[in-house]
Amino acid sequence: QLQASGGGLVQPGGSLRLSCTASGRIFNIDDMSWYRQGPEKQRELVAGSIRGGGTNYADSVKGRFTISRDHARNTVYLQMNSLKPEDTAVYYCNMRRARTHYWGQGTKVTVSS
């Protein structure tokens with residue numbers, strides 16, 4: 001129901017833009033977020049966008065990543081700049097409507113020279 005894309009291999013210092021679109025069956029979305037899970041690490045919140053405009057970021061990505069959303073397209077984006085090897089992970093989008101959470105399938109980001 002959520003389709004994520006945009007991952008890939010990028011050199012340190014490079015940029016990527018992830019996107020995640022919800023199917024038409026999902027509407028009136030409250031929060032849209034991005035999580036990631038690195039090798040042998042727990043899944044962590046990277047960035048969140050709250051209905052009404054608020055955003056929050058993990059300290060490790062502040063100033064480098066930007067989350068945005070397109071309400072009309074039910075899509076959330078994650079612009080990632082100045083990527084570091086420690087950003088290597090599978091990135092998952094999450095959307096919440098009331099008490100229901102939807103997850104994307106994950107898109108892999110590898111930062112390596």
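Of everything in segment 74-111 that is modelled with pLDDT under 95, among the hydroxyl-bearing types (Ser, Thr, Tyr) and open to solvent by 10 Å² or more (accessible area, probe 1.4 Å), the residue that is farthest from LEU18 (Cα to Cα) is THR100.
If only residues of segment 10-49 that are charged (D, E, K, R), part of a loop (DSSP other than H, G, I, E, B) and without any contact (Cβ under 8 Å) to a residue 40 or more places away in the chain are counted, the one that is farthest from ARG99 (Cα to Cα) is GLU40.
From the list SER68, SER5, the one residue that fits, being under 11 Å from the mean Cα position of the chain (by Cα) and either open to solvent by 70 Å² or more (accessible area, probe 1.4 Å) or over 14 Å from THR107 (Cβ atoms) (or both), is SER68. Screening the candidates ILE29, ILE50 for the property of being open to solvent by 40 Å² or more (accessible area, probe 1.4 Å), modelled with pLDDT under 95 and among the β-branched types (Val, Ile, Thr) yields one hit, ILE50.
Please state which one of GLY63, GLY14 is open to solvent by 80 Å² or more (accessible area, probe 1.4 Å) and of a type in the set (Gly, Ala, Ser).
Every option except GLY63 fails the conditions.
The values are calculated or read from the model by the stated rules, or taken from the named source; none is laboratory data. Since the model is a prediction, treat every value here as computed from it, not as a measurement. So basically every Cβ, Gly included, is an ideal-geometry build from the backbone, and we count neighbours across all protein chains shown. Note: areas computed on protein heavy atoms with side chains; ligands, DNA, RNA excluded. Shrake-Rupley method; radii C 1.70, N 1.55, O 1.52, S 1.80 Å.
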